[in-house]
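Participant: Take a look at the following structure, please.
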Amino acid sequence: MPLTPFFLHGSPSEQRLIQDLVNEHLRNFGQDILYLPRRIVNEQTVIKEITASRFDDSFRIEAYLSNFDGFGTPSDVLTKFGVRATDEVTLVISKERYDDFISPKLKLWPKEEIKVATTPQEGDLIFLPLDDALFEIKYVERKVPFYQLNDLYMYELRCEIFEYEDERIDLPSNLTDVNGEEIKDGIAAGGQQVTIQFHKDTVDNALATIGYASTIFGTKSVQYIQMFDDGNYKGTPSVRVAKPKRGERATGIVTSLVNGTVEKVDITFGGNNYIQIPTIQFTPPNKPASSQIKFGNNGLEHTSYNDVTNANIKATSDINARVTEDGRLVFSLWFWPNQFDPDPNFGGVIAWTDKFKLYHRETGNVVFASGSGSIENTSTLNLNAWNFIRVEVLNQEAKVCVNGNVSNTLGTADPTMVFTNDDIKLGSDAGGQGKSPTITRGFVGNIDHITLNQTGDNAFSSVSETLVPTTEAEQELDTQSGTVSSFVNNLDNEYPIVTVGLNTSREVYTVTIEHPGNGYASIPLLTIDEPELGEQATAVAIMTSRTGIPNQAIDRILLTNPGFGYTEPPIITLSGGTPVSPGIATAVISERVLGPVAITTGGRGYTFTPTVGITSTFIPSSVGISSNIRNAKAEAVVGTGQTVVSIRYSNAGAGYTFTPTIDIGEVEAIVYGDFVLNELVRGVSTGTSAYVTSWDSLNRILEVSLPNGEFAVNEAIVGAGASYRVANVETTVSNIPFASNDEIELEADLIVDFSERNPFGEV
């Protein structure tokens, strides 16, 4: 009796659901494997034994590894031929995946090369990336599980480790992945992927600059190295250029000393070969310090009422002070009086110009006179002690502060008191040149640390006026405005400051005194720095083979750095290279030779050695080659990355009065064509090869897979009909999307009607 039609025992939609679940399970929990079908090369006609086979295709597919306790037991056995590995694995693959994406390709093979194309076959190989091992299929279980819902959904592959014999395994032909995409070696759907961005212009020209042109007369560099015997070498010798010899040191003496300051310096011997302007060093000031010092190493000492400024310490009778900005003026100093003149008609002048006079009375009170009036501070100076005096002027108003005590305000002060280039005198005004009153006698005592500050503000401050500094920094900073003093004279012993001039022979011939120093009781000794040693030249030997000479000979010696500072030709030493007979070379030195070449950009794409052009020192005349020998000549060195890595001189030129330009030959662009899917491409420099998976010609982006190395930036990648240069390389690992939830949901909706109240019961 026929089956009831109400129970289908597996409808197509139900079978579809089961297959989708199997596929999803394999994608989620499986391993990516490469399936290598066997091509039959030779088969015995009697017993049908396959004696030769080859494997030149692969297909990537997901598989579930059923093993959970290792690769079978025992995995290794001892035979009469030694230890034999017998690792076993059981893999489950989707029947649908195989039928849809592998089997159709196998059906295109010649029938004599394959037994069955519709199912996996014993003898096919499985590459398991998990163990980096190749397994052979020993048995294919095609009916497991056994007809669930009247259909089959998977293949169970029982495999053993593959034992190599005389098989040929090569995978260069077109393959397909699990999605049916044609790929190489089945890796487009997953595995190592490399994205390459090519340069838009594909090539760059190299750029360089001359490091310097030695344009100093009298300073010589190595112009070129001349070979007299090229020798016979088994290897390349090293080249050493001797260091330049140091020149002779110049000498000089101080011939005039005035009031403790240096007035004149004479050069007794100019020395020679000065590459740079030397420094002159003086012995330190040796005058005894003042008996009283507030800050630093000395102060101003007056032992007589007739002392103007400091005949013992200062070179001149003034302190040059200049303040040009508007605002409040602050003039300050420390004062140590040893006595007060008892004569009320005199007092003691502390500081003065033609616009102001600062003095003390016989009583010890401090008076500041300016403009048409004066103001007196009623507080008394302390004898034999340091007193801090500060004068502040704002427009026509003035105040004088003594040890924090502030006077009344003077309303008739000269607003231009020290606003111009005024010379502030310290001590006696014997000539009556200063501001009235006609007080001419000076002081007996000491002065230290004078400051002048134009603050820029327009107000007095009772707080800042009463402050007495305890350090130099406090005195030089106005607390009210925060400005730093425009002028400071610490009255300390000071070294002279001079500048040195060199003649065209690189000799010291002039010494100009910029600052005479102070505090010298006797003529100081001076020392002139000895000449700099210069810079040692460097060079390399370029070898060649000569007819009739075994091994190699030196073709030429190129300068990598001509050096400078040579007074005579340096010795050239050749060492190493295992010479049968050594070479002999000499150096030629000249003035105004070019310096090392700096590579600013090495360019890219140089498959040849470019020419190097350097501006001539002058246009060659028709006289002969005498002019040409002075023009620089150089050679480029191209590195493995097809970039210019250095420039070497065969002749560094001579007579250059300017820094020349350098021109490196242009690189030829190698840009053409399109890459083809699945073709094998190769990096010219690295030799790395890979298979094309995608090519975006518009943006020049190439995607490849499974490279056998690493591509380098700036190298050319070539295919059968394309060539471009690499700008950037990015390596990623792509994975197959796992879930098919949307597809499963759609299929499930066809089976179960969830709009019913009871979808699993009767209508």
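The values are calculated or read from the model by the stated rules, or taken from the named source; none is laboratory data. As the structure is a prediction and not an experimental result, all values here were calculated from the model. With ideal geometry, Cβ positions are generated from the backbone for all residues, glycine too; neighbour counts draw on all protein chains shown.
Participant: Identify all residues within the range 533-574 that are under 17 Å from K243 (Cβ atoms) and among the β-branched types (V, I, T); write none if there are none.
Facilitator: Of everything in the range 533-574, those that are under 17 Å from K243 (Cβ atoms) and among the β-branched types (V, I, T) turn out to be T538, T560, T567, I571, I572, T573.
Let's see how each residue does on (1) of a type outside the set (S, T, N, Q); (2) in contact with a Cys (Cβ under 9 Å, 6 or more places away or on another chain):
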residue	(1), (2)
V367	yes, no
V391	yes, yes
K435	yes, no
A459	yes, no
S462	no, no
T471	no, no
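Participant: Considering only strands (runs of 3 or more DSSP E) fully contained in the range 497-604, which possess at least 2 residues that are closer than 30 Å to G260 by Cα and not hydrophobic (A, V, I, L, M, F, W, C)? Reasoning before the result, please.
Facilitator: On the way: elements: 497-502, 508-515, 526-528, 538-544, 553-561, 572-575, 579-581, 584-591, 597-601.
Output list reads 497-502, 508-515.
Participant: Of all residues being polar (S, T, N, Q) and not in a strand (DSSP E or B) in the range 353-388, which is surrounded by the most Cβ atoms within 10 Å (Cβ to Cβ)? Just the residue, please. Show your work before the answer.
Facilitator: Here is the first cut: in the range 353-388, the residues polar (S, T, N, Q) are 353, 363, 365, 370, 372, 374, 377-380, 382, 384, 387.
Keeping just the survivors that are not in a strand (DSSP E or B) gives 353, 363, 372, 382, 384.
On the way: T353: 22, T363: 12, S372: 12, N382: 14, N384: 10.
Within the range 353-388, the match that is surrounded by the most Cβ atoms within 10 Å (Cβ to Cβ) is T353.
Participant: Quick check on the range 210-263: of everything there that is closer than 15 Å to I589 by Cβ and of a type in the set (D, E, K, R), which residue is modelled with the highest pLDDT?
Facilitator: Per the stated criteria, the residue is K243.
Participant: Inspect all residues belonging to the range 89-96 and state whether any of them is out of contact with any Gly (no Cβ under 6 Å at 6 or more places or on another chain), part of a helix (DSSP H, G or I) and either at positive phi or modelled with pLDDT of 70 or more (or both).
Facilitator: The answer is yes; a qualifying residue exists.
Participant: Moving to a separate point now. Taking the range 482-538 as the region of interest, how many residues are farther than 20 Å from G270 by Cβ, at pLDDT 90 or above and in contact with a Lys or Arg (Cβ under 8 Å, 6 or more places away or on another chain)?
Facilitator: Within the range 482-538, residues that are farther than 20 Å from G270 by Cβ, at pLDDT 90 or above and in contact with a Lys or Arg (Cβ under 8 Å, 6 or more places away or on another chain) number 1.
Participant: Looking at the range 232-284, which of its residues are basic (K, R) and either part of a strand (DSSP E or B) or closer than 20 Å to I497 by Cα (or both)? Explain how you work it out, then say what you get.
Facilitator: Quick first cut of the range 232-284, residues basic (K, R) only: 234, 240, 243, 245-246, 249, 264.
Within the range 232-284, R240, R249, K264 meet the criteria.
Participant: Output yes when any residue across the range 500-519 is surrounded by 14 or more Cβ atoms within 10 Å (Cβ to Cβ), of a type in the set (D, E, K, R) and not assigned by TED's automatic domain parsing to the domain that holds M417, and no when none is. Steps first, please.
Facilitator: Start the filter on the range 500-519 by keeping residues that are surrounded by 14 or more Cβ atoms within 10 Å (Cβ to Cβ), which leaves 500, 502, 506-509, 511, 513, 516-519.
In the following step, the residues that additionally are of a type in the set (D, E, K, R) were identified as 506-507.
Cutting the leftovers down to not assigned by TED's automatic domain parsing to the domain that holds M417 gives us 506-507.
Checked against the condition, which is being surrounded by 14 or more Cβ atoms within 10 Å (Cβ to Cβ), of a type in the set (D, E, K, R) and not assigned by TED's automatic domain parsing to the domain that holds M417, the range 500-519 yields at least one hit.
Participant: Let me ask something else about it. Taking the condition of being in contact with a Gly (Cβ under 7 Å, 6 or more places away or on another chain) and over 13 Å from R328 (Cα atoms), how many residues in the range 389-410 meet it?
Facilitator: Total meeting the criteria: 1.
Participant: Could you look through the range 545-565, keep only residues that are without any contact (Cβ under 8 Å) to a residue 60 or more places away in the chain and over 20 Å from S646 (Cα atoms), and pick out the one that is surrounded by the most Cβ atoms within 10 Å (Cβ to Cβ)?
Facilitator: S545
Participant: Keeping to the range 695-722, report how many residues are of a type outside the set (A, V, I, L, M), within 32 Å of the chain's Cα centre (by Cα) and modelled with pLDDT of 85 or more.
Facilitator: Number satisfying all stated conditions: 5.
Residue-wise test of (1) modelled with pLDDT of 90 or more; (2) part of a helix (DSSP H, G or I).
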| position | (1), (2) |
| --- | --- |
| C401 | yes, no |
| G431 | no, no |
| I447 | yes, no |
| P469 | yes, no |
| E474 | yes, yes |
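Participant: Separate question: Considering only the range 106-130, state which residues are touching a residue at least 40 places away in the same chain (Cβ under 8 Å) and either out of contact with any strand residue (DSSP E or B) (no Cβ under 6 Å at 6 or more places or on another chain) or farther than 16 Å from R54 by Cβ (or both).
Facilitator: Residues satisfying the conditions are L106, W109, E112, I114, K115, P120, Q121, G123, I126, L128, P129, L130.
Participant: Ok, one more. Looking at D170, D185 in this structure, which one is at positive phi, among the charged types (D, E, K, R) and either surrounded by 13 or more Cβ atoms within 10 Å (Cβ to Cβ) or modelled with pLDDT under 85 (or both)?
Facilitator: Only one candidate passes the filter, namely D185.
Participant: Continuing with this model, one more query. Check the range 656-670 and report whether any residue there is more than 28 Å from T640 (Cβ to Cβ), in contact (Cβ under 8 Å) with a residue 24 or more places away in the chain and over 30 Å from the mean Cα position of the chain (by Cα).
Facilitator: Yes, because at least one residue in the range 656-670 is more than 28 Å from T640 (Cβ to Cβ), in contact (Cβ under 8 Å) with a residue 24 or more places away in the chain and over 30 Å from the mean Cα position of the chain (by Cα).
Participant: If a residue must be among the polar types (S, T, N, Q), in contact with a strand residue (DSSP E or B) (Cβ under 6 Å, 6 or more places away or on another chain) and part of a loop (DSSP other than H, G, I, E, B), how many such residues does the range 699-724 contain?
Facilitator: Counting residues in the range 699-724 that are among the polar types (S, T, N, Q), in contact with a strand residue (DSSP E or B) (Cβ under 6 Å, 6 or more places away or on another chain) and part of a loop (DSSP other than H, G, I, E, B) gives 2.
Participant: Hey, among E392, E376, which residue is farther than 17 Å from A459 by Cα and not polar (S, T, N, Q)?
Facilitator: E376
Participant: Take residues that are at pLDDT 85 or above and tell me which of the strands (runs of 3 or more DSSP E) falling wholly in the range 285-352 contain 2 or more.
Facilitator: Those strands (runs of 3 or more DSSP E) span 300-302, 329-337, 348-352.
Participant: Next up: I need the full set of residues from the range 401-458 which are buried (at least 21 other Cβ atoms within 10 Å of the Cβ), out of contact with any Leu (no Cβ under 8 Å at 6 or more places or on another chain) and at positive phi, in order please.
Facilitator: Passing the criteria: G427, G445.
Participant: For the range 271-306, give me each residue that is over 20 Å from G348 (Cβ atoms), surrounded by fewer than 18 Cβ atoms within 10 Å (Cβ to Cβ) and among the polar types (S, T, N, Q).
Facilitator: N272, Q276, T279, Q281, T283, N286, N297
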